[in-house]
Every structure is written in C-alpha cells, then in structure tokens.
Amino acid sequence: MLSQTNKKILGNKNFHKLVSLRRRVSWSFLFVLLGSYLAFSLLSIYSPATLARPVFNGGVFPRGIAMGYAILALCFILTLVYVWLANNYFEPLEKKIMAELKQ
Amino acid sequence: MSIWRITWVLLALLYSTAVAAAPAMADGNGSGNELNMTAISMFFVFISITLVITFWASSRTRTRSDFYAAGNSIGGVQNGLAIAGDFMSAATFLGVTALVYSTGMDAMLFVIGGTLGWAVILLLVAERLRNLGQYTFSDVVAFRLQRKPVRTMSAIGSLAVAIPYLLAQMVGAGALIQSLFSLPYEYAVVLVGVLMTFYVTFGGMLATTWIQTIKAVLLLAGGTIIGVGVMAMLNFDFSALLTAAAEVHPKGEAILAPGVMFTDIITSVSVGLAFVFGTAGLPHVLMRFFTVPDARQARRSVAYAIGFIGYFQSLIFIIGLGAVVYVSNNPEFQAPGGGLIGGVNMSAIHLSKVVGGDWFLGFISAVAFATILAVVSGLTLSAAAAVSHDLYANVICDGNSDRKTELRISRITTLIIGLSTMALAILLEGENVAVLALIALAIAAGVNFPVMFLSMYWSKLTTRGALAGGYAGLATALILVLLGPTVWVTLLGFDKPIFPYAYPTLFAMLANLTFAYLFSVSDKSQRALAEIESFDAQWIQSEIGPVQE
C-alpha cells in the first residue's frame, strides 16, 4: 500500500518530469560511453590494423592510444555536464516538488 | 592513547623487517641486489609520517564529530579522494603499469575500463544508493525483499569478491618488500601478512578513510613526478616515448597495436564488463557513499573521484611505457634468473628510482605500501563483518547475538583470511596483480551488481528471483574461475585450463540475469505480490530521497 504522500508524488507532474529527464540524460551518457568502449574492444579484436595505424601519416602515434585517451576525456566531460545538469535542472525540480508537496 | 601505541608497534615491526633483511642479504639468498639503505631509510621515514598523520587526523575527527553518522565533515572533495584512494590500489598502480609494460596498447582496455566503471556508478548508482539511505549495499537489496536470505547471499558474495582482491594486494606487497629489502618472496609475503593482520586487529576501520585520502594525494603527486620525469627525459615528445618503447620491447612494434594479450572477443568483452559493472559491485567501495550527508555530496564525490582516477589512469600509460624504455633493459633491475627483480609488478617501482633516485624510490615504495595496508585492512574488515555481522549476528542469531561472541568470530575470520591469503599469495608469485584484481571485479559484476541493479530498477524482482540470480551468478563465476587459466593452471599446476577464458564475467552476468528473470516472473506467491507492490515506494525514495510524511 502506498502512503498518502507517495500517492501525491506519483500524481505530481514535476516528479515525472524530473524522472524522465534524469533517465534520458543518464542512459544516453551511458550509451555513448559504453558504446565507445565496446567499439574500442571490437576494433582491437576484429580490426587491429585500424587501431595500430598512426593518427597522422608518417607519425608513430597510433589511433588506438588516441582513441583511449579520447574516451577518458569524454568520460570526464560528460561527468562535468552531468553534475552541471544536476545542479541546474534536477535539484531545482526536486525543490519544486518538495514545495508542492507542502501545499 | 592506544592509537599511538599501535603506531609504534607497527613501526617496530617494520623496523624488524629491515633487521631481518640484513642476514638474508649476507647469505646471498636475496634477489641479488645490494641492500639500498637510502631507499630503506626513506621508506621508513615516509611510512612513519603517513601513519602518524593518519592516526592523528583520525583521532581528531573522532573527537570533533561523529565520523560516520554526522558525515558532514566529509565533503565531496575528501570523499572523492578517499574513493580514488580505494581504487588506486596496488592493483592499479603496480598491476596496470605492469600490463602496459608487458602488453602495450592492450592495457588500454584496463585504463579505459577502470575509469568508466565510475561513470556507471555516477549515472546509475550513487545518488540512488544514498537516497535509499542504509549502511551497506545489501540493505539496499533487502529494502523490499526478505532480509535474511538476501543478507546471506550478499555476505557470501562479499567474501567471494574480497579474497581474490586481497590476493592481488598481497602479491603486490610481497614483491614490493622482496625487491626493496632483497628478501625471498615467501618470506616477504609472510612478513606482510603478519603486519597486515596486526594493522587490521589494532588499527581497525578508524584510520582507513584518512590513510586513503592522504595516500591518494601522495600517489597522485608521485605518479605525476614519475610521468613528468619520464617525459622530461624525452623532451616531452610523446612520439619519442612510443618509438623508444617499441625499439626496446621484446615484442617490438606489436606493443603499439592491439593483440598482444587479447585475441578473442569473449575475453575482451568480459574484461570490459568486469570493470564497467564490477566496480559498482565492490562492497567496500559502495560503503563510501554512506559516509556523505546526502545524494548531492554522493554525486560530487564520484565526480571528483572520476577526475582523479581518470588523470591517474592516463599517467599510468605513460609510466608503463616509460618503464619499458628505462627499466626493461637496465641491468640494475635484472634478477639473476632473468626478468625484473620482484617480477613485472615492480616495473613502476623501479622506474621511480630511474626518475628520482634512491630517496624517491623509498617514497614511492612507502606510498605503495601504505596503499596496500589501507586497502587490505578495509577489505579484510568488510569480509570479517560479512561473516560475523551479517551471517552470524543477523542470520544465525536473528539479531540476538552477544557482542563478545560476535567479536571473537570476526577475529577468527580475520585470522583465517590472513593465513589463507598468505598461502595462496605464495603460490601465485609473479602473477600480474591487475589480473588477480580483475577476477575479483568479474565476480562482483557477476554476483552483486545485477541483483542490486534489478532491485532498484525492475519492479518485478522478487526475493526468489534475486536469490536464484545471485547464486547462479556466484556459482558460474566461481566454477569458471576454478577451471580457468589462473587457478587451474597457475595455482593447481595442470597443463591446460578446462575453461579457456581468464574472466567469467560475460557468462556469470548472463546466468545471473536469466535466473533472476525466470525465477521472478514465475513467482506467484503472496510474498512476491507484496514485494512487487512495494516497489513504487522504493522507487520514489530512490529518485528524490526520503520524504517526510
């Protein structure tokens, strides 16, 4: 059985807005990160030559190492974006929900 | 103050290590290099400073505010450092460096995975865990499921994760002491084991957060110095580092391409899954989210941790290649029987000597040793607590145990774990410590993570499903590790592994999810209906935290 407060929360528009917004952000970030990791794994097994080739013709810096560092950088950037979104969108929504519950 | 006494006992033990080392060297039983007194003195100086600061800081915190309950004293930055400290263990610093050293680009899979696991925690787990507001992750799983059976399962899961993870640290510590003090490896492992048991029994959990924080700062600084030092010797030309490494390495140009270590998709996907989902299944890491006051701080601390860990992982790649260039063909670091003194796990340690001389070698060894001490004590304690608190007190005695027996059981567990890991660590001499740690992560990903994930995200999970999934994942993971190359070949000495892959992650996760699904949807009992019905309340709390009625 749900309590009265929980029933109110389930009927709150902002609650659903918060949940779906956060869900979309989390899953799409995860999709991008894990997808690029999987792409790296697949390339390293099925097409090692692609990763071994240098980034610039005639150079020695292989694409695989560049791709690895790029994924690390992407992970860091998405982390910052997530924290920014959380501070500027998720938290104000949470506060709004709490205020509406008190009414 | 007993804290001071513990510090001195510990230091006396460390000193006796040095004294014990002298005859080993005189007999010529050691690994062949001369005892490096400058490095050893620096080792003691830094270990002493670290321990004294740790105990001083932890005793201060305790008197000022109640460390775990109040929690406000632990802000995002410090908790982030402590989390990073937990993760930057011997396995990462020594093990991943060793992997880069021996396989080159293939180790990138470890470097990326070690960071991405934290993104999964940030995006899926951290805030929810904090919002559900319990003390351990098994409390979260048991939020709407049956407490007793779920607790039993997660206690067994914690043990199965803790033991290989402990072994990784132990093998690293053994090699470290072996190469620093020129002791035979077996002797070094026993000494380290005794020291650790002492630390756990007397130091306790009190000091670990502080030692992790302080150590994280020292390790980040030390890693930066090694990385910058290597680059400075090559005039900050990354291409020169790559060229030089490929020239010196026995595998040549192959280290700048994938395929030295990973040649099949099952292994590389299992490695990826173990990192990505196993990190979120490590019980001692998840505990850290309950030391901060709210979900906001939990989020901040993971964000900081990702920054620190990602930075450190990027350094490790440079350190590993630097070790190829400056350590692998340096006669100073060759053991008489071939290979590096102390094995490949010591490549980062040897490189520190090239970069900063004997005092810096002592510093890095001390930091690595402090790391191992802190990680091991946290792990051993969480394993002992799983037996004495979860299994004995809550399940067997139904919450009515007497404290004395509970304490005794936890001591006995500590002792048994200490002795068995010592024995296993001796048998696993020279095994890459990152490989051992990854087996622990694979078990965590196969047992703990799916059940925790489903309990938070899937309304139809029932107790029966959670148990079936958890035990199926555990059995699959353990049997496949047993029949796999690390145990079947290295430990038991058979010629060929029955299960060809080193990591069981893919199969264990599939087994876990399949069983959890089948046994949940087929569960039509009254209890199952009630559990499904109470999902909404748990879901609401996981999204926005506890709401006052």
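Quick one: count up the residues across region B:522-546 that are open to solvent by less than 60 Å² (accessible area, probe 1.4 Å), of a type outside the set (S, T, N, Q) and assigned to a loop (DSSP other than H, G, I, E, B).
2
With respect to B:Phe519, is the statement that it is under 28 Å from B:Val269 (Cα atoms), touching a Lys or Arg at 6+ places or on another chain (Cβ under 7 Å), touching a residue at least 24 places away in the same chain (Cβ under 8 Å) and not aliphatic (A, V, I, L, M) true? Spell out the reasoning first.
Numbers: under 28 Å from B:Val269 (Cα atoms): yes; touching a Lys or Arg at 6+ places or on another chain (Cβ under 7 Å): yes; touching a residue at least 24 places away in the same chain (Cβ under 8 Å): yes; not aliphatic (A, V, I, L, M): yes.
Judged against the criteria, B:Phe519 is a match.
Specify the residue that is modelled with the lowest pLDDT; the eligible residues are those in region B:469-502 that are of a type in the set (A, V, I, L, M) and either under 30 Å from B:Ala537 (Cα atoms) or open to solvent by 50 Å² or more (accessible area, probe 1.4 Å) (or both). Spell out how you get there, then give the answer.
Filtering region B:469-502 down to residues of a type in the set (A, V, I, L, M) leaves B:472, B:474-475, B:477-483, B:487, B:489, B:491-492, B:498, B:502.
Of the ones still in play, those that are also either under 30 Å from B:Ala537 (Cα atoms) or open to solvent by 50 Å² or more (accessible area, probe 1.4 Å) (or both) are B:472, B:474, B:478-479, B:482, B:492, B:498.
On the way: B:Ala472: 97, B:Leu474: 95, B:Leu478: 93, B:Ile479: 94, B:Leu482: 91, B:Leu492: 85, B:Ile498: 92.
The residue in question is B:Leu492.
For the structure I just gave you, tell me whether A:Glu91 is of a type in the set (Asp, Glu), out of contact with any His (no Cβ under 8 Å at 6 or more places or on another chain) and touching a residue at least 12 places away in the same chain (Cβ under 8 Å).
On the way: of a type in the set (Asp, Glu): yes; out of contact with any His (no Cβ under 8 Å at 6 or more places or on another chain): yes; touching a residue at least 12 places away in the same chain (Cβ under 8 Å): no.
In short, no.
What are the residues in region B:262-299 that are assigned to a loop (DSSP other than H, G, I, E, B) and facing chain A (nearest Cβ under 10 Å), if any?
The initial filter retains those residues of region B:262-299 that are assigned to a loop (DSSP other than H, G, I, E, B), namely B:262-264, B:282, B:291-294.
Within region B:262-299, B:Phe262, B:Thr263, B:Asp264 meet the criteria.
Can you name the residue in region B:511-533 that is among the polar types (S, T, N, Q) and within 35 Å of the chain's Cα centre (by Cα) and, of all such residues, is nearest to the other protein chains (Cβ to nearest Cβ)? Reasoning before the result, please.
Within region B:511-533, the subset among the polar types (S, T, N, Q) is B:512, B:514, B:520, B:522, B:525-526.
Remaining after also requiring within 35 Å of the chain's Cα centre (by Cα): B:512, B:514, B:520.
Working: B:Asn512: 18, B:Thr514: 21, B:Ser520: 21 Å.
So the residue we want is B:Asn512.
Do the conditions hold for B:Tyr68, that is, is it at pLDDT 90 or above, of a type in the set (Ser, Thr, Tyr) and assigned to a helix (DSSP H, G or I)? Talk me through it step by step, then tell me what you get.
Values: at pLDDT 90 or above: no; of a type in the set (Ser, Thr, Tyr): yes; assigned to a helix (DSSP H, G or I): yes.
The answer is no for B:Tyr68.
Looking at B:Val302 and the list (1) open to solvent by less than 20 Å² (accessible area, probe 1.4 Å); (2) modelled with pLDDT of 90 or more; (3) more than 14 Å from chain A (Cβ to nearest Cβ), which single condition is not satisfied?
(3) is the only condition that B:Val302 fails.
Which residue out of B:Ala280, B:Ala295 is among the small types (Gly, Ala, Ser) and open to solvent by 10 Å² or more (accessible area, probe 1.4 Å)? Lay out the reasoning, then the answer.
Working: B:Ala280 fails: open to solvent by 10 Å² or more (accessible area, probe 1.4 Å).
Going through B:Ala280, B:Ala295 in turn, the sole match is B:Ala295.
Within the bounds of region B:479-497, is there any residue that is of a type in the set (Gly, Ala, Ser), closer than 23 Å to B:Ile156 by Cβ and either within 14 Å of chain A (Cβ to nearest Cβ) or touching a residue at least 60 places away in the same chain (Cβ under 8 Å) (or both)? Don't jump to the end; show me each part of the working.
Pass one, region B:479-497, residues of a type in the set (Gly, Ala, Ser): B:484, B:493.
Next cut, closer than 23 Å to B:Ile156 by Cβ only: B:484.
Adding the requirement that they be either within 14 Å of chain A (Cβ to nearest Cβ) or touching a residue at least 60 places away in the same chain (Cβ under 8 Å) (or both) leaves none.
The answer is no, given that none of the residues of region B:479-497 is of a type in the set (Gly, Ala, Ser), closer than 23 Å to B:Ile156 by Cβ and either within 14 Å of chain A (Cβ to nearest Cβ) or touching a residue at least 60 places away in the same chain (Cβ under 8 Å) (or both).
Considering each residue of region B:132-159, count those that are open to solvent by 20 Å² or more (accessible area, probe 1.4 Å) and more than 15 Å from B:Ala466 (Cβ to Cβ), and give that number.
Total meeting the criteria: 5.
Working only within region A:5-15, note down all residues that are open to solvent by less than 40 Å² (accessible area, probe 1.4 Å) and within 9 Å of chain B (Cβ to nearest Cβ). Give the steps one after another, and end with the answer.
Here is the first cut: in region A:5-15, the ones open to solvent by less than 40 Å² (accessible area, probe 1.4 Å) are A:5-6, A:9, A:12, A:14-15.
Scanning region A:5-15 gives A:Thr5, A:Asn6, A:Ile9, A:Phe15.
Let's see how each residue does on (1) part of a loop (DSSP other than H, G, I, E, B); (2) closer than 30 Å to B:Gln178 by Cα; (3) open to solvent by less than 50 Å² (accessible area, probe 1.4 Å):
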{"residue": "B:Asp398", "(1), (2), (3)": "yes, no, no"}
{"residue": "B:Lys404", "(1), (2), (3)": "no, no, no"}
{"residue": "B:Ala423", "(1), (2), (3)": "no, yes, no"}
{"residue": "B:Ala437", "(1), (2), (3)": "no, yes, yes"}
{"residue": "B:Leu461", "(1), (2), (3)": "yes, no, yes"}
{"residue": "B:Leu467", "(1), (2), (3)": "no, no, yes"}
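From the residues in region A:40-62 that are open to solvent by 40 Å² or more (accessible area, probe 1.4 Å) and under 24 Å from the mean Cα position of the chain (by Cα), which one is nearest to B:Leu242 (Cα to Cα)?
A:Leu43
Could you identify the single residue in A:Leu2, A:Leu30, A:Leu18 that is surrounded by 12 or more Cβ atoms within 10 Å (Cβ to Cβ) and either within 15 Å of the chain's Cα centre (by Cα) or farther than 22 Å from A:Glu100 by Cβ (or both)?
Working: A:Leu2 fails: either within 15 Å of the chain's Cα centre (by Cα) or farther than 22 Å from A:Glu100 by Cβ (or both); A:Leu18 fails: either within 15 Å of the chain's Cα centre (by Cα) or farther than 22 Å from A:Glu100 by Cβ (or both).
Only one candidate qualifies: A:Leu30.
The values are calculated or read from the model by the stated rules, or taken from the named source; none is laboratory data. Source: prediction; values computed, not measured. All Cβ positions, even for glycine, are placed from backbone atoms using ideal geometry, and neighbour counts span all protein chains on display. Calculation scope for accessible area: heavy atoms of the full protein, side chains included, ligands and nucleic acids excluded. Shrake-Rupley method; radii C 1.70, N 1.55, O 1.52, S 1.80 Å.
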